[in-house]
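The values are calculated or read from the model by the stated rules, or taken from the named source; none is laboratory data. Every value quoted in this text rests on a predicted model; they were computed, and no experiment measured them. Here Cβ is always computed from backbone atoms with ideal geometry, including for glycine, and neighbour counts include all displayed protein chains.
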Amino acid sequence: MISFSELSKHSYLIRQYLRRQIALRYKSTALGVAWSLVNPLCMLVIYTFVFGVIMHARFGLGNGETPIDYGLAIFCSLNFFNLCGEAITRSPRLILLQPNLVKKVVFPLEILPIVSVLDALVHCVLAFVPLLVMVAIAHRTIPWSFAWLPCYLIPTTFLALGLGLFLSALGVFIRDVENLVAPGLTMLLLVSAIFYPLSVVPDSMRFWYSLNPIVIIVDGARRSLIWGIPPNPVSLTMVTLAGAIFAFLAGAFFLKAKPAFADVM
């Protein structure tokens, strides 16, 4: 079990690795950290034009929903999905790429997936800045609904952390995990109700969709952040508890597997 006391003890190391991770992301780039705002803004324009203007897609959640609203809703959903997506993509080789650290018995390897998720969280939060601005422009008012943003970021971070800890440990023993990431992530994207409302999902499939925590998060988040619909406290509490339990169990699995990393590598 990864305890808060252990994390507190390694807080300085986590901060140092996080700073280095953020710096490496934009090393030698002209705009630096500004890419965290420029890139999401470009994608927001593309989503709005392709899905909202050309395909005339709608979620049907607000009165007089416009193409801009649809693009904003997709962008909002993808921000949360990408937080988990980064954990899934980067984790399988996270420990394998650090053989020198694995051989250092005293080094807390568990901080590597934690730092990776925190790095993704920082850039996820930054990506909501252009979304906030565009919602304010589109609705001609300050979107106070963004006060609910932490309610959705917390369970998403728990879920991403659980995925990061589990996949980073599993990837040491099963190298094929890395090859399953790309198709698995594509399948997860398509079944997470990112580009379509849950109302179009057949009744026979609703139960299976309800088992996907990402569906609950992205559907609730776009309702709350874009259209100002209050979160469902029951579903939000359940998905937060499920994410926390998953992160706890994944942390226990990581620590259980950690002593064998050096033997396998």
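Can you report the number of residues in the range 181-224 which are among the hydrophobic types (A, V, I, L, M, F, W, C), in contact with a Pro (Cβ under 7 Å, 6 or more places away or on another chain) and under 24 Å from MET134 (Cα atoms)?
1
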Please find, within the range 119-151, the residue that is nearest to ARG223 (Cα to Cα) out of those that are outside any helix (DSSP H, G or I) and either at pLDDT 90 or above or not basic (Lys, Arg) (or both). PRO143
Being over 19 Å from GLY220 (Cβ atoms), in contact with a helix residue (DSSP H, G or I) (Cβ under 6 Å, 6 or more places away or on another chain) and of a type in the set (Ser, Thr, Tyr) is the filter; apply it to the range 39-88 and report the residue that is surrounded by the most Cβ atoms within 10 Å (Cβ to Cβ). THR48
Of everything in the range 194-215 that's without any contact (Cβ under 8 Å) to a residue 60 or more places away in the chain and crowded, with 20+ Cβ neighbours inside 10 Å, which residue is farthest from THR157 (Cα to Cα)? VAL215
Just checking, how many residues over the range 139-185 are farther than 18 Å from GLU86 by Cβ and touching a Cys at 6+ places or on another chain (Cβ under 8 Å)? 0
Would you check if TYR209 is under 28 Å from LEU18 (Cβ atoms) and not hydrophobic (A, V, I, L, M, F, W, C)? no
Answer yes if at least one residue in the range 238-245 is within 18 Å of the chain's Cα centre (by Cα), farther than 30 Å from TRP144 by Cβ and without any contact (Cβ under 8 Å) to a residue 40 or more places away in the chain, and no otherwise. yes
